[in-house]
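The values are calculated or read from the model by the stated rules, or taken from the named source; none is laboratory data. Since the model is a prediction, treat every value here as computed from it, not as a measurement. As a convention, Cβ positions derive from the backbone with ideal geometry for all residues, glycine included, and neighbour counts pool all protein chains shown. Ligands, DNA and RNA are excluded from the accessible area calculation, which covers all protein heavy atoms including side chains. Shrake-Rupley method; radii C 1.70, N 1.55, O 1.52, S 1.80 Å.
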Amino acid sequence: MIGVAAVGYPFGKVFASDSAERSLSLYNIHTDESLDISYFSAGGYDFEALTKINHLLRCHYTNKVRPIDIGVLDLLCDIKTRIGTDKEIQVISGYRSPEYNNYLRSIGRNVAKNSYHMQGVAIDFSIHGFDMSSLSRVAKSFLVGGVGQYAEFVHIDTGPVRYW
């Protein structure tokens, strides 16, 4: 199972330094699951930890799991580090199945037809005690991927650089 988790990770988009441990404290608001985990240490990624992160960030609507881009995890970790917090990150959306994306569109939610969430390269999140404007500003400072600021969360992805 661990070997399967390694397939598809885009190692060219790694933000982690070779020596710094990288960890995340995540809470999925839809499944009420949390995870406090180190996924990078001693110069390498822990694929068992990444498998657990993938499970937590699965589509809550279909329960489908897809590997989440290491680059977006590293960006999330870099944001957490830059703002200087070990607070739990509230995850609104990680991987989103095409079925769930279509459902959201059908009920009038403003989601992209070809959302980066369906590719596993996007995360919508918030952190208690930090306003969305501050989180968005920090995310933009990395000059990586898309950053969208919404009333209750910030969207980050590892697609082309763009802001909304």
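Kindly point out which whole DSSP H helices in the chain project their C-alpha atoms 15 angstrom or further along the helix axis while averaging a Kyte-Doolittle hydropathy of -1.0 or above.
Details: long enough: 70-83 (20 Å, 1.08).
Qualifying helices: 70-83.
Magnitude of the Cβ-charge dipole of the chain, K/R +1 and D/E -1, about the Cα centre, nearest 20 debye? Don't jump to the answer; show the numbers that get you there.
Values: 16 positive and 17 negative charges, 133 e Å.
Magnitude of the dipole: close to 640 debye.
Considering only protein heavy atoms, what per residue accessible area in square angstrom results for the range 15-138 with a 1.4 angstrom probe?
Solvent-accessible surface per residue comes out at 46 Å².
Could you give me the radius of gyration and the Dmax of the range 76-164, taking only the C-alpha atoms into account and expressing both in angstrom?
Reported Rg and Dmax, both Å: 12.9, 39.
Ranked from the most accessible area to the least, with a 1.4 Å probe and all protein chains present, what is the order of 40, 142?
Largest to smallest exposure gives the sequence 142, 40.
Could you work out the local net charge near residue 106, counting Lys and Arg as +1, Asp and Glu as -1, over the other residues with Cβ closer than 13 Å to its Cβ?
+2
Any chance you could run the full-extension gain for residue 32 through residue 83? It's 0.36 nm times the residue separation minus the Cα-Cα distance, nm to one decimal.
Here the segment from residue 32 to residue 83 would lengthen by 15.9 nm.
For the chain, calculate the relative contact order in percent as a whole number, restricting contacts to Cα pairs under 8 Å that are 6 or more residues apart.
It comes to 19 percent, rounded to a whole number.
Provide the gained length on full extension for the span residue 134 to residue 113, in nm with one decimal, where the gain is 0.36 nm per separating residue minus the Cα-Cα distance. Provide the component values of the computation, followed by the final result.
On the way: separation 21, 0.36 × 21 = 7.56 nm, distance 2.78 nm.
Taking residue 134 through residue 113 to full extension adds about 4.8 nm, to one decimal.
Exposed loop trypsin sites (Lys or Arg not before Pro) only (DSSP loop, at most 10 other Cβ atoms within 10 Å): please give the longest stretch of the chain free of them, not including the sites.
Working: sites that count: 109, 113.
Between the exposed loop sites, the longest stretch runs 1-108.
Please report the accessible area of residue 48 (heavy atoms, 1.4 Å probe, ligands and nucleic acids excluded) in Å², nearest 10.
So the heavy atoms of residue 48 present about 100 Å² to solvent.
Would you work out the Kirkwood radius for the chain? I mean one over the mean of 1/r across all pairs of different Cα atoms, in Å. Working shown, then result.
Values: mean 1/r = 0.0632 Å⁻¹.
About 15.8 Å for the chain.
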